[in-house]
Amino acid sequence: MATQLDELMEKLRQVQADIEIELAKRREELRFHLENRRIVFEREVLRIHRELKTRVTRYLLDANPLMILSAPVIYLLVFPIVLVDLCVMAFQVICFPVYKIPKVRRRDYLVFDRHHLAYLNAIEKINCAYCSYVNGAFAFMREVAARTEIYWCPIKHARRVLGPHPYYQGFADFGDAEAFRAKLTQMKDGVKIEGA
């Protein structure tokens with residue numbers, strides 16, 4: 001028997017599919033397509049992009065000096081993020097097979113494609129690569145943490161959670177001990193992740 005929440009989650013999945021369709025239409029409007037995971041722009045679009053590129057010297061001369069001074073603070077964060085990323089990768093390799101949790105494919109979360117944009121200069125491309133890594137690494141870590149939570153503690157919180165992971169809706173309600181025990185029983189043969 002489908003609950004109201006199940007129906008809403010199905011509507012959400014449909015909206016996400018509709019968003020993907022709209023993004024594909026937008027790619028057509030921007031005149032690029034993917035060929036074997038490679039991004040291909042039309043020649044005229046590439047020409048326009050190159051004309052819009054800001055040279056590195058102009059970029060630095062126009063930059064706010066405080067932004068330049070704060071850049072090392074931003075980039076120093078890469079060290080603890082890489083360390084945590086490595087620890088999460090090791091955690092997954094060691095623990096997930098023991099608990100029969102499907103492993104997270106890291107490459108699905110780390111996407112580096114902005115360097116193909118001809119309107120970005122070298123500094124902008126480095127900045128984009130940094131943001132791609134950090135956000136992708138956090139998304140990967142969140143997925144590992146979410147799958148771990150499915151196994152160890154599939155219970156919703158009593159208070160509202162902002163931005164819950166996609167599995168949260170399937171957790172037992174706070175205070176529903178029978179549903180929690182049923183969820184743990186379901187885990188005896190391992191965690192089931194749709195599409196994993």
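Between 0 and 90 degrees, the angle of helix 4-29 with respect to the longest Cα principal axis of the chain falls at about 20 degrees.
Using the rule -39500 (n - 2.57) for each DSSP H run of four or more residues, divided by the residues of the chain, the 222 nm mean residue ellipticity is -20000 deg cm²/dmol. With R₀ set to 35 Å, the beta-carbon distance separating Ile123 from Val15 gives a calculated FRET efficiency near 0.45. Plainly put, the chain has a radius of gyration that is 1.06 times its Kirkwood radius, both from alpha-carbon atoms, as the Rg/Rh ratio.
To the nearest 10, the accessible area of His157 is 110 Å² with a 1.4 Å probe.
Taking all protein chains together, Thr54, Thr185 sort by accessible area into Thr185, Thr54, largest first [probe 1.4 Å]. Computed with a 1.4 Å probe over protein heavy atoms only, the accessible area of Lys192 comes to about 150 Å². Across all directions, the average projected area of the convex hull around the alpha carbons of the stretch 89-196 is 8.6 nm².
A simple count of charges around Leu60, restricted to other residues whose Cβ falls under 15 Å of its Cβ and scoring Lys, Arg +1 and Asp, Glu -1, yields +2. Full extension of the chain segment joining Leu8 with Thr54 gains 12.0 nm, where the gain is 0.36 nm per residue of separation less the Cα-Cα distance.
Under 12 Å from the Cβ of Asp18, count the other residues' Cβ atoms, weight Lys and Arg +1, Asp and Glu -1, and hand me the total. Once all neighbours under 12 Å are counted, the net charge is +1.
Of the whole protein surface, Ile126 contributes about 100 Å² of accessible area at a 1.4 Å probe radius. Counting only alpha carbon atoms, the long axis of helix 65-76 and the longest principal axis of the chain meet at about 40°.
Ordered by solvent-accessible area of protein heavy atoms (1.4 Å probe), largest first, the residues Leu83, Leu162, Leu5, Leu117 come out as Leu162, Leu83, Leu5, Leu117. For Cys95 and Ala139, a Förster radius of 22 Å and the Cβ-Cβ distance give a FRET efficiency of 0.70, rounded to the nearest 0.05. Computed over neighbours whose Cβ is under 15 Å from that of Ile155, the net charge equals +1, Lys and Arg +1, Asp and Glu -1.
Placing Arg105, Arg181 in order of accessible area, with the largest value first and a 1.4 Å probe, yields Arg181, Arg105.
The values are calculated or read from the model by the stated rules, or taken from the named source; none is laboratory data. No experiment lies behind these values; they were computed from the predicted model shown. We place every Cβ from the backbone using ideal geometry, glycine too, and count neighbours over all the protein chains shown. Ligands, DNA and RNA are stripped out before the accessible areas are found, and what is left, the full protein with its side chains, is counted by its heavy atoms. Shrake-Rupley method; radii C 1.70, N 1.55, O 1.52, S 1.80 Å.
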